[in-house]
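What follows is a short report on a single structure.
Bear in mind these aren't lab numbers, they're just calculated from the coordinates by the rules spelled out. Quick caveat, the model's predicted, so the values are computed rather than measured. Reconstructed Cβ throughout: ideal geometry from the backbone, glycine too, with neighbour counts over all protein chains shown.
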Amino acid sequence: MFNFEPSMPVMLLPAITFLMISFGTRFTVISNLIRKIHDESSEKTVTKTKDYRNRINSEISALNTRLLLTQVLQVTAGLSFLLNVISVLLILLNNENLSLTFFISGLIALVISIILFIVEITISSKSLRVHITDVENDDN
């Protein structure tokens with residue numbers, strides 16, 4: 001049988017906080033990219049060829065997906081943090097069974113958040129490959 005140690009939820013709190021900071025940074029980067037695209041598309045001096053519009057539309061689509069994923073993974077990480085804090089409080093109130101339930105729920109939320117993080121990184125990498133291809137094509 002699994003032996004639930006009261007220190008388990010406490011050990012996860014710093015890790016979840018670190019992930020939330022990392023996710024917040026990714027959100028800021030995505031926001032800056034969206035603003036940059038907005039500024040570029042608003043400039044009158046930019047020649048808006050069909051290829052340019054297709055590339056921008058592709059980037060916007062990827063950024064929309066990344067933005068949604070980042071929002072959901074931030075919420076699930078926050079939920080994980082909250083569930084772990086409640087688990088700690090329940091330990092202090094000597095309710096180990098309910099504490100274990102909240103701890104496991106927090107772990108599930110954390111796993112979901114990390115899976116979404118991996119998906120977001122994959123989308124980000126694909127977008128970067130498009131830019132690398134553009135640079136390679138410009139050199140030819």
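Here are the numbers for this structure:
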| item | result |
| --- | --- |
| Trypsin sites (Lys or Arg not before Pro), loop per DSSP, at most 13 other Cβ atoms within 10 Å - longest free stretch of the chain | 49-140 |
| Tilt relative to the chain, helix 96-139 - C-alpha long axis, 0 to 90 degrees, to 10 | 10 |
| Relative contact order (percent, whole number), region 64-132, Cα cutoff 8 Å, 6+ residue spacing | 42 |
| Amide N of region 48-73 lying under 14 Å from the label point, which is placed 7 angstrom from the Cα of Thr133 along Cα→Cβ | 51-52, 54-59, 62 |
| Residues in region 49-85 reached by a label modelled at Val10 [backbone nitrogen below 16 Å; 7 Å Cα→Cβ] | 84-85 |
| Taking N as its residue count, the alpha carbon Rg of region 7-139 over 2.2 N^0.38 Å | 1.43 |
| Nearest 10 degrees, 0 to 90: helix 50-92 Cα axis against the chain principal axis | 10 |
| Cα-based helix-to-principal-axis angle, 7-42 vs the chain, degrees rounded to 10 | 20 |
| Over 18 Å [Cα-Cα, region 47-118], rounded percent | 56 |
